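Let me give you the structure first, and then I'll get to my questions.
The values are calculated or read from the model by the stated rules, or taken from the named source; none is laboratory data. Because the structure is a prediction, the values reported are computed rather than measured. Every residue, glycine among them, receives a Cβ derived from its backbone with ideal geometry; neighbour counts consider all protein chains shown. Note: areas computed on protein heavy atoms with side chains; ligands, DNA, RNA excluded. Shrake-Rupley method; radii C 1.70, N 1.55, O 1.52, S 1.80 Å.
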Amino acid sequence: MGQLAAPPPVRKRVPLRIADVDLLYRRGAFDDYGRVELIGGELIYVNAEYRPHMMAKSECAYRLRRALEAIGSTLFVGIEGSVAVSDHDLPRPDIILTSDAYGDGPVPGASVTLVVEIADTTVQLDLGRKQRLYAKGGIPEYWVFDVTGKTVHQMAKPAGASYRTKAQSNFGDPLTALTIPRLTIDTTGL
């Protein structure tokens, strides 16, 4: 009888954790790369931001801030803050509404009431993988502004890897939050 061949080595990806990424940031590992996000333990390079995306993000954040002030809300509107959704997920959404903006480290996912992604080239990612990530992380409400299609996708009430409530509207229509009472913004000109 001949010798049995050794089984081929099993290759398994080792997902990075937020702590790993924090250490890499502090050591300067990403200095030449710009912005990255940790999604499912994998580092994702964030694309350059061009004017349509920049304008829509800035204007949306401004309108959210004004609308929150008008209803007397103390929620903070953050731009591009890293959110600790799970040990292996540290996305950097375009806009967040949080009750815990101060302190060190990433924004705790449990403090985030709304995540907004502005999509000019990332609609599939934002409506697919990121939607599942935010739903699994318990983010109560998620909006995706499709700059090219001039539509807004609203999702609320996370259930597993999806949202139970979904709505879609066009730019120019008023946009009312599904989970934050009395919060409405004008989307004209975004």
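Every residue in the range 122-159 that is without any contact (Cβ under 8 Å) to a residue 12 or more places away in the chain and either polar (S, T, N, Q) or in a strand (DSSP E or B) (or both), please. Quick ask: steps written out before the conclusion?
From the range 122-159, those without any contact (Cβ under 8 Å) to a residue 12 or more places away in the chain are 124-125, 128; that's our starting set.
Passing the criteria: only Gln124.
Could you please let me know if Gly189 is out of contact with any strand residue (DSSP E or B) (no Cβ under 8 Å at 6 or more places or on another chain), in contact (Cβ under 8 Å) with a residue 24 or more places away in the chain and part of a loop (DSSP other than H, G, I, E, B)? Don't jump to the end; show me each part of the working.
Numbers: out of contact with any strand residue (DSSP E or B) (no Cβ under 8 Å at 6 or more places or on another chain): yes; in contact (Cβ under 8 Å) with a residue 24 or more places away in the chain: yes; part of a loop (DSSP other than H, G, I, E, B): yes.
So Gly189 fits the description; yes.
Hey, among the residues in the range 100-121 that are among the hydrophobic types (A, V, I, L, M, F, W, C) and not in a loop (DSSP other than H, G, I, E, B), which one's nearest to Leu38 (Cα to Cα)?
At the first step, the residues of the range 100-121 found to be among the hydrophobic types (A, V, I, L, M, F, W, C) are 101, 107, 110, 112, 114-116, 118-119.
From the residues that got through so far, the ones that are not in a loop (DSSP other than H, G, I, E, B) too are 107, 110, 112, 114-116, 118-119.
Numbers: Val107: 14, Ala110: 17, Val112: 17, Leu114: 19, Val115: 16, Val116: 17, Ile118: 18, Ala119: 18 Å.
Looking at the filtered set, the residue picked out is Val107.
List every residue pair whose Cβ atoms sit under 9 Å apart, with the two residues 6 or more apart in sequence or on different chains, where the first one lies in the range 46-61 and is within 16 Å of Lys150 (Cα to Cα) and the second, anywhere, is of a type in the set (Ser, Thr, Tyr) and open to solvent by 30 Å² or more (accessible area, probe 1.4 Å).
Pairs found: Pro52/Thr148; His53/Thr121.
If you check Asp20 against the conditions, is it open to solvent by less than 90 Å² (accessible area, probe 1.4 Å) and either out of contact with any strand residue (DSSP E or B) (no Cβ under 7 Å at 6 or more places or on another chain) or farther than 24 Å from Pro93 by Cβ (or both)? So that I can check it myself, show each step before the final result.
Numbers: open to solvent by less than 90 Å² (accessible area, probe 1.4 Å): yes; either out of contact with any strand residue (DSSP E or B) (no Cβ under 7 Å at 6 or more places or on another chain) or farther than 24 Å from Pro93 by Cβ (or both): yes.
Here the answer is yes, as Asp20 does meet what is asked.
Working only within the range 78-121, note down all residues that are on the phi > 0 side of the Ramachandran plot and either open to solvent by less than 30 Å² (accessible area, probe 1.4 Å) or in contact (Cβ under 8 Å) with a residue 12 or more places away in the chain (or both). Before the answer, list the steps.
Just the residues of the range 78-121 that are on the phi > 0 side of the Ramachandran plot, to begin with: 80, 103, 105.
Across the range 78-121, the qualifying residues are Glu80, Gly105.
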